[in-house]
Amino acid sequence: MALNLDFSFLTSDVIRSNLLSTFEYSVQLTAVAAIGGTALGTLIALMRLSSVRWMQRVATVYVDLLRSIPLVMVILWFYLLIPQSFYSMIAGSFGENHRPEFAAVITFTFFEAAYYSEIMRAGIQSVPRGQSYAGYAVGMTYAQCMRLVVLPQAFRNMLPVLLTQTVVLFQDTSLVYAIGASDWLKGFQTVGNLFNRPAEMYLLAAVGYFVISFSLSMLVRRLQAKIQIIR
């Protein structure tokens, strides 16, 4: 049976404004979660590599727990279990109307930190120990050596993998539909329901996510090739 697709309604200005605003939110969510997740993930990675036993255990439990639970379930946890007063505290008067969006930011930041931490741990371990010994030899402390010598090299080594995980993060933002956040996929759904053309809009959503993710993946491959040449 033919699908009888009709895309003539796409000329409406309502569609462009709706998809643009929701796309901006998805990009913002990806950027904030990637930056926050990388920062928190680096801290967790350092805890896992620490000689302090309790730090290792706390970081290991955190990583293993979040990596073993479906993302959509974690989204629902943060949305349903964290009280409204918390969102009001961090977002002021915007907390009530934009609770799903703030819940998504918090969820993705903490969830992605578990994945970024493993990437950063591998990056730190890829730096030869001689680099650390050289830093200690010139009088650096452990913190200075990590900040000035080890971490910059670890970031460079793991940059392609970090960016690949960020592409996956952009795709995963579509899961915030579970709590009603206005992400890009929600924008497609809203337009599809408005014009009674859900099949066409979901098809366009798939094409949009594919084009963006594939293009970014190609850029990451080029970057990876350049980094390998530098090495």
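The values are calculated or read from the model by the stated rules, or taken from the named source; none is laboratory data. Every value quoted in this text rests on a predicted model; they were computed, and no experiment measured them. Counting neighbours? That spans all protein chains shown, and the Cβs are built from the backbone with ideal geometry, glycine included.
For segment 130-215, the helices (runs of 4 or more DSSP H) that sit wholly inside it and include 1 or more residues that are of a type in the set (Gly, Ala, Ser) and surrounded by fewer than 14 Cβ atoms within 10 Å (Cβ to Cβ) are 142-145. With respect to being at pLDDT 90 or above and not aliphatic (A, V, I, L, M), residue 48 fits the description. Could you please let me know if residue 174 is among the hydroxyl-bearing types (Ser, Thr, Tyr) and modelled with pLDDT of 95 or more? No: the conditions fail for residue 174. Applying the set (1) over 30 Å from residue 78 (Cβ atoms); (2) in contact (Cβ under 8 Å) with a residue 40 or more places away in the chain; (3) of a type in the set (Val, Ile, Thr) to residue 149 leaves exactly one unmet item: (2). Within segment 142-160, the set of residues being farther than 14 Å from residue 42 by Cβ and aromatic (Phe, Trp, Tyr) comprises just one member, 142. A count restricted to segment 174-231 and to residues that are β-branched (Val, Ile, Thr) and touching a Pro at 6+ places or on another chain (Cβ under 8 Å) stands at 4.
Across segment 46-75, the number of residues qualifying as touching a residue at least 60 places away in the same chain (Cβ under 8 Å) and over 17 Å from the mean Cα position of the chain (by Cα) comes to 3.
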